[in-house]
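Shown next, in structure tokens, is the structure this report addresses.
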Amino acid sequence: MDAVLNGTQAVFEAHADNAAVKALSGIATNAKFDRGEMTITVARENIVAAGEAVKQAGYTFLEDVTAVDWYPSEPRFQITYHILSMSLKARVRLVARLSEDDAVIDSIVGVWPSANFYEREVFDLFGVRFSGHPNLRRIMMPEDWQGHPLRKDYPVEGYR
Amino acid sequence: MSPIAAPDMLNPGVEDVVADTERHQGVPPPQDQTMVINMGPQHPSTHGVLRLVLEIDGESVVSLAPDIGYLHTGIEKTCEAKFYQQVVPLTDRIDYLCPMTNNLAYCLAVEKLLGLEIPERAQYLRVLLNELTRIQSHLVWLGTHAMDIGALTVFLYCFREREDILRIFENVAGQRMMTSYFRIGGVSLEPPLDFYKQVQEFLNIMPDRIKQYENLLTGNPIWMGRLKGIGYLSAEDAIALGVTGPPLRASGVDWDLRRDMPYSGYEKFKFNVPVSNDGDVWARYVVRMDEMRESVKICQQALDGLPEGRIVADAPKIILPDREQMKTQMEALIHHFKIVTEGFGVPAGEVYQAVESPRGEMGYYVVSDGTAKPYRVHMRNPSYATLQALETMCKGRLLADVVAVIGSIDIVLGEIDR
């Protein structure tokens, strides 16, 4: 098994040939290489730029956008993007962290149209807003639903 | 009034007929006379509930918006409240046509977090059952798709063979549909002795049966007329919209996770990945039919090469001990008690594991905080992305084509709701 690497410098030195590492060397704020998976953290202002950079580098297929709620720690929300390169047969995970009182991030629908539904899902279930999204409405819950069910402070059995 | 002159009903002129025909062949309709209709929430080819809000002009589709969110399984939230091993039966419920594939994706993800080594016998059994699941799922797709187009016989034929596979599942797992057969670390039970004969009998008849379906459909003029050139999706659009699986390969993208990013020992098997460049409903039909043949080949290889040995990894703190050991060894009893009541801790970290399900890339993103319950489980389901591409495929086509296209993307709504 590959060694676990933490921190931008360690990862970027050990995987200097990795296409995603090359593309994001100027943008990344943190990086992790764990269990054979590359995770690169970027600041939320740079998410669109990071998306375009990895797309240029051959990571053309957006597999998934989702979120993790690290309540009660801050920054609370972690938005995770899984991006696949069919030519390199590799994945990269982009991560951006958002604080609770300003849970807004730029939409990447302009880079990958498939992000449309994924971002609506994250908005619906976590209450994270995506600025520039063409149609940011709830997708699963009714329009008048109170709260965002996948937040950690939302009870498993719902409010009664 | 339509800008096209209303045909004289008693004596239509040639121009009227031509104009009317053109209007029905994808010429963009005028915008001022559209109508909104709801298709669904129930339709035999959508396994589950889906409502499509269609704006139509005459019979041409102007726009299409899927309205999802009826099932409300709350599955991701529920996973966070369960032990790791208790999530396995939940994953069956995501997609009732391929429970084994869901089991596999989840188990592989957790095994990656744990760093568990899976014995080869368990890997082969997993591959074998996964490919049977693929055939079974494709049979339901073919049956319901053909039924949508109006060919009922195929439906009955397909369900006959599906029954054979469900009997195999019942024999091996004790359950026909919600099998929960895989475990974190291996599979739950050693298959019974008649399992091998049963699978072999099925593999012997299946190639002939696939020919039978093709005899009924492939040369059939109605089938060709309803499928060819309908629901076109280009390779660029498919990639941009996140489409995976047979619809992606039918659009000419040669990508299959089993071959290109192998998991669970798929690198040991020889098979072809069917690809078509047409990108229409017909291409998806051809690709899936070929896929069934390839799956039969993989099953045969797995059955012939099935190694002897254990079916679970050697990890007593994670895997429940044998019944026999529990009766004789105190240690085994303690492990059993601890696993059932307290679960097992999983080292902190996050992994994403994707497998090639019958519908495309099914990925499990599991985040662990080091406790016995997953901090977050996210399912990346193929139908969700493919549903986004539906508008691209249906725009400008006829209302009846929407039915053919939905059938061709083989959608399961349990995958889509959260």
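The values are calculated or read from the model by the stated rules, or taken from the named source; none is laboratory data. These figures come from a predicted structure and were not determined experimentally. Here Cβ is always computed from backbone atoms with ideal geometry, including for glycine, and neighbour counts include all displayed protein chains. Just so you know, the surface numbers come from the protein's heavy atoms only, side chains and all, with ligands and any DNA or RNA stripped out. Shrake-Rupley method; radii C 1.70, N 1.55, O 1.52, S 1.80 Å.
I want to confirm something. Restricting to the stretch A:93-118 and keeping residues that are part of a loop (DSSP other than H, G, I, E, B) and more than 21 Å from B:LEU241 (Cβ to Cβ), which single residue is most open to solvent (accessible area, probe 1.4 Å)? Break it down into steps so the answer makes sense when it comes.
From the stretch A:93-118, those part of a loop (DSSP other than H, G, I, E, B) are A:99, A:103, A:107-114; that's our starting set.
Those still in the list that are more than 21 Å from B:LEU241 (Cβ to Cβ) too: A:99, A:103.
Values: A:SER99: 37, A:ALA103: 7 Å².
Going through the qualifying residues, I end up with A:SER99.
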Residue under evaluation B:ASN130, criteria (1) within 22 Å of B:GLY363 (Cβ to Cβ); (2) touching an Asp or Glu at 6+ places or on another chain (Cβ under 7 Å), criterion not met:
(2)
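Here are some residues: B:GLY143, B:GLY150, B:GLY115. Which one is of a type outside the set (A, V, I, L, M) and open to solvent by less than 10 Å² (accessible area, probe 1.4 Å)? Spell out how you get there, then give the answer.
Details: B:GLY150 fails: open to solvent by less than 10 Å² (accessible area, probe 1.4 Å); B:GLY115 fails: open to solvent by less than 10 Å² (accessible area, probe 1.4 Å).
After applying the criteria, what remains is B:GLY143.
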Quick one: count up the residues across the stretch B:105-129 that are under 18 Å from the mean Cα position of the chain (by Cα), touching a residue at least 60 places away in the same chain (Cβ under 8 Å) and within 30 Å of B:GLY345 (Cβ to Cβ).
6
Say we look at the stretch A:45-57 and pick out the residues that are surrounded by fewer than 18 Cβ atoms within 10 Å (Cβ to Cβ) and farther than 18 Å from A:ASN116 by Cα; which of these is nearest to the chain's Cα centre (by Cα)?
A:GLU45
Across the stretch B:348-379, the tally of residues that are open to solvent by less than 10 Å² (accessible area, probe 1.4 Å) and under 18 Å from B:LEU113 (Cα atoms) stands at 16
Among the numbered conditions (1) in contact with a strand residue (DSSP E or B) (Cβ under 7 Å, 6 or more places away or on another chain); (2) in a helix (DSSP H, G or I), tell me where A:ASP64 comes up short.
(2)
Residues satisfying the stated conditions in the stretch B:343-362, i.e. touching a helix residue (DSSP H, G or I) at 6+ places or on another chain (Cβ under 7 Å), of a type in the set (Gly, Ala, Ser) and farther than 14 Å from B:GLN85 by Cα:
B:GLY349, B:ALA354, B:SER357, B:GLY360
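For the stretch A:130-153, give me the residue count where each residue is under 14 Å from A:VAL68 (Cα atoms) and either basic (Lys, Arg) or more than 8 Å from every other protein chain (Cβ to nearest Cβ) (or both). Write out each step before concluding.
Let us first name the residues in the stretch A:130-153 that are under 14 Å from A:VAL68 (Cα atoms), namely A:148-153.
Filter once more, keeping what is either basic (Lys, Arg) or more than 8 Å from every other protein chain (Cβ to nearest Cβ) (or both): A:148, A:151-153.
Summing the residues that are under 14 Å from A:VAL68 (Cα atoms) and either basic (Lys, Arg) or more than 8 Å from every other protein chain (Cβ to nearest Cβ) (or both) in the stretch A:130-153 gives 4.
When you look at B:GLY219, is it surrounded by 22 or more Cβ atoms within 10 Å (Cβ to Cβ) and in a loop (DSSP other than H, G, I, E, B), yes or no?
no
For residues in the stretch B:42-92 being of a type in the set (S, T, N, Q), under 18 Å from B:MET379 (Cβ atoms) and more than 13 Å from chain A (Cβ to nearest Cβ), which is least open to solvent (accessible area, probe 1.4 Å)?
Let us first name the residues in the stretch B:42-92 that are of a type in the set (S, T, N, Q), namely B:42, B:45-46, B:60, B:63, B:73, B:78, B:85-86, B:91.
Adding the requirement that they be under 18 Å from B:MET379 (Cβ atoms) leaves B:73, B:78, B:85-86, B:91.
After this cut, where a residue has to be more than 13 Å from chain A (Cβ to nearest Cβ) as well, the list is B:85-86, B:91.
Numbers: B:GLN85: 52, B:GLN86: 80, B:THR91: 0 Å².
The residue in question is B:THR91.
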Looking at (1) within 14 Å of another protein chain (Cβ to nearest Cβ); (2) open to solvent by less than 10 Å² (accessible area, probe 1.4 Å), find the lone condition where B:VAL402 falls short.
(1)
Scan the stretch A:18-35 and tell me whether some residue there is of a type outside the set (Val, Ile, Thr), more than 11 Å from every other protein chain (Cβ to nearest Cβ), surrounded by fewer than 19 Cβ atoms within 10 Å (Cβ to Cβ) and in contact with a helix residue (DSSP H, G or I) (Cβ under 7 Å, 6 or more places away or on another chain).
yes
Any residue in the stretch B:256-272 that's within 12 Å of another protein chain (Cβ to nearest Cβ): show its pairings with residues that are assigned to a loop (DSSP other than H, G, I, E, B) and not hydrophobic (A, V, I, L, M, F, W, C) at Cβ separation under 8 Å, as long as the two are six or more apart or on different chains.
B:LEU257/B:TYR263; B:ASP260/A:LYS89; B:MET261/A:LYS89
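This table checks each residue for (1) modelled with pLDDT under 90; (2) farther than 20 Å from A:VAL111 by Cα.
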site: A:MET1; (1), (2): yes, yes
site: A:GLY7; (1), (2): yes, yes
site: A:ILE27; (1), (2): yes, no
site: A:ARG44; (1), (2): no, no
site: A:ALA53; (1), (2): no, no
site: A:THR60; (1), (2): no, no
site: A:VAL68; (1), (2): no, yes
site: A:THR80; (1), (2): no, no
site: A:LEU88; (1), (2): no, no
Report, by residue number, each residue of the stretch A:129-148 that is buried (at least 21 other Cβ atoms within 10 Å of the Cβ) and in contact (Cβ under 8 Å) with a residue 24 or more places away in the chain.
A:PHE130
Take the residues in the stretch A:73-92 that are without any contact (Cβ under 8 Å) to a residue 24 or more places away in the chain and open to solvent by 30 Å² or more (accessible area, probe 1.4 Å), then tell me which one is nearest to the other protein chains (Cβ to nearest Cβ).
A:LYS89
Can you name the residue in the stretch A:119-128 that is in a helix (DSSP H, G or I) and more than 8 Å from chain B (Cβ to nearest Cβ) and, of all such residues, is surrounded by the most Cβ atoms within 10 Å (Cβ to Cβ)?
A:GLU119
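Filtering the stretch B:301-322 down to residues that are of a type in the set (D, E, K, R) and surrounded by 13 or more Cβ atoms within 10 Å (Cβ to Cβ), which residue is modelled with the highest pLDDT? Give the steps one after another, and end with the answer.
Keep residues of the stretch B:301-322 that are of a type in the set (D, E, K, R), which gives B:304, B:308, B:310, B:314, B:317, B:322.
After this cut, where a residue has to be surrounded by 13 or more Cβ atoms within 10 Å (Cβ to Cβ) as well, the list is B:310, B:322.
Details: B:ARG310: 92, B:ASP322: 87.
The selected residue is B:ARG310.
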When the stretch B:364-399 is checked residue by residue, the ones that are of a type in the set (Gly, Ala, Ser) and either at negative phi or within 11 Å of another protein chain (Cβ to nearest Cβ) (or both) are B:SER368, B:ALA372, B:SER383, B:ALA385, B:ALA389
For B:PHE337, state whether it is open to solvent by 70 Å² or more (accessible area, probe 1.4 Å) and either within 14 Å of another protein chain (Cβ to nearest Cβ) or closer than 27 Å to B:GLU80 by Cα (or both).
yes
Unmet requirement for B:ARG134, which otherwise passes all of (1) touching a Phe, Trp or Tyr at 6+ places or on another chain (Cβ under 9 Å); (2) of a type outside the set (Ser, Thr, Tyr); (3) at pLDDT 90 or above:
(1)
